[in-house]
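Worksheet: one structure, shown below.
The values are calculated or read from the model by the stated rules, or taken from the named source; none is laboratory data. Every value quoted in this text rests on a predicted model; they were computed, and no experiment measured them. All Cβ positions, glycine included, derive from the backbone under ideal geometry; neighbour counts span all protein chains shown.
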Amino acid sequence: MYTIVVLGSRGVGKSALITQYAENRFEEEYYPTIEDNFRKTDEIDGKSCLLDVLDTGSQEEHKSLREGDLSRGQGFVLVFSLTQESSFTDLLETWDRVLQARPGGEVPMVLVGNKCDLVSEREVSEERGEGLSVKFNCSYLETSARLGTNVHEVFRGLVRQIVRTTPGS
Ligand code: GDP
Ligand code: MG
């Protein structure tokens, strides 16, 4: 089993991404999440994998992003909304927290710019997303939880990265 923690500011689409991945559906209304676990079995590179995905509440509401959750995670999805500049800059602090909780070694991580379907509302360019992923030393994907664009790729790519960096997993 692979434990994945999804992080990012309120409203960026964390719950929507997980719901699209785990249950292939999208809702217009999501309720503020406190914390929720989702299990999903996926076939990745011909191998059946069980993913345990933790949907965290937002940083604003839950300043005390639980250290336990951070140290438990084998891989991290850092999500911002392409339509909200502040959610992009918020991730610098989130990234610090992850590294503090996981010192030393490579931390499997993917940077996600969500809501790419809202083309006319875009505030963060693809170049800036790419730039931040260089700083984070991870890959960058632009997704739409609404349309399902790149959603599976986020989780499958992360599992591949966990497999590469965690001997025996
Ligand atoms: P969370 O607080 O990060 O869990 O964000 P939610 O998953 O609750 O999503 C917040 C709002 O954004 C909801 O109204 C969703 O329907 C909407 N939303 C999430 N992802 C997308 C997306 O990819 N495209 C569009 N257009 N709306 C989205
Ligand atoms: Mg949520």
Requested in this report: Specify the residue that is farthest from ligand 2 (Cβ to nearest atom); the eligible residues are those in the stretch 11-33 that are in a loop (DSSP other than H, G, I, E, B) and touching a residue at least 40 places away in the same chain (Cβ under 8 Å).
Outcome: N24
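Kindly indicate which of T89, T83, T94 is closer than 24 Å to T3 by Cα and either in contact (Cβ under 8 Å) with a residue 40 or more places away in the chain or in a helix (DSSP H, G or I) (or both).
Numbers: T89 fails: closer than 24 Å to T3 by Cα; T83 fails: closer than 24 Å to T3 by Cα.
Going through T89, T83, T94 in turn, the sole match is T94.
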Query - Selection within the stretch 34-57 - outside any strand (DSSP E or B), over 22 Å from N150 (Cβ atoms) and out of contact with any His (no Cβ under 8 Å at 6 or more places or on another chain) - result: G57
Report summary line: Per the filter on the stretch 1-10, residues closer than 22 Å to I162 by Cβ and within 14 Å of ligand 2 (Cβ to nearest atom) are V5, V6, L7, G8
Report task. Could you figure out which of (1) surrounded by fewer than 15 Cβ atoms within 10 Å (Cβ to Cβ); (2) of a type outside the set (G, A, S); (3) within 22 Å of W95 (Cβ to Cβ) isn't true of L147? Result -> (3)
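Can you spot a residue in the stretch 62-75 that is part of a strand (DSSP E or B) and either within 11 Å of ligand 2 (Cβ to nearest atom) or not hydroxyl-bearing (S, T, Y) (or both)? Even if it seems obvious, please write down each step before you answer.
From the stretch 62-75, those part of a strand (DSSP E or B) are 75; that's our starting set.
Okay, now just the ones that are also either within 11 Å of ligand 2 (Cβ to nearest atom) or not hydroxyl-bearing (S, T, Y) (or both), so 75.
Yes, the stretch 62-75 has at least one match.
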Requested in this report: Would you check which residues across the stretch 92-126 are farther than 19 Å from N150 by Cα and small (G, A, S) and list them?
Outcome: A101, G104, G105, S120
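Would you be able to say whether some residue in the stretch 133-140 is away from ligand 1 (no atom under 12 Å from the Cβ) and in a strand (DSSP E or B)? Full working, then the answer.
Taking the stretch 133-140 and keeping what is away from ligand 1 (no atom under 12 Å from the Cβ), we get 133-140.
Adding the requirement that they be in a strand (DSSP E or B) leaves 139-140.
Yes, the stretch 133-140 contains a residue that is away from ligand 1 (no atom under 12 Å from the Cβ) and in a strand (DSSP E or B).
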Query raised in the report: So which residues in the stretch 1-28 are surrounded by 21 or more Cβ atoms within 10 Å (Cβ to Cβ) and at positive phi?
Result: G8, G13
Requested in this report: Working only within the stretch 146-162, note down all residues that are among the hydrophobic types (A, V, I, L, M, F, W, C), under 12 Å from the mean Cα position of the chain (by Cα) and within 16 Å of ligand 1 (Cβ to nearest atom).
Outcome: V151, V154, F155
Report task. Can you work out which of the residues in the stretch 1-10 that are touching a residue at least 60 places away in the same chain (Cβ under 8 Å), out of contact with any Lys or Arg (no Cβ under 7 Å at 6 or more places or on another chain) and within 21 Å of D96 (Cα to Cα) is nearest to ligand 1 (Cβ to nearest atom)? Result -> S9
Query - Residue among L54, L70 that is within 16 Å of ligand 1 (Cβ to nearest atom) and closer than 19 Å to C138 by Cβ - result: L54
Query raised in the report: Hey, among the residues in the stretch 29-58 that are buried (at least 21 other Cβ atoms within 10 Å of the Cβ) and at pLDDT 95 or above, which one's nearest to T89 (Cα to Cα)?
Result: V53
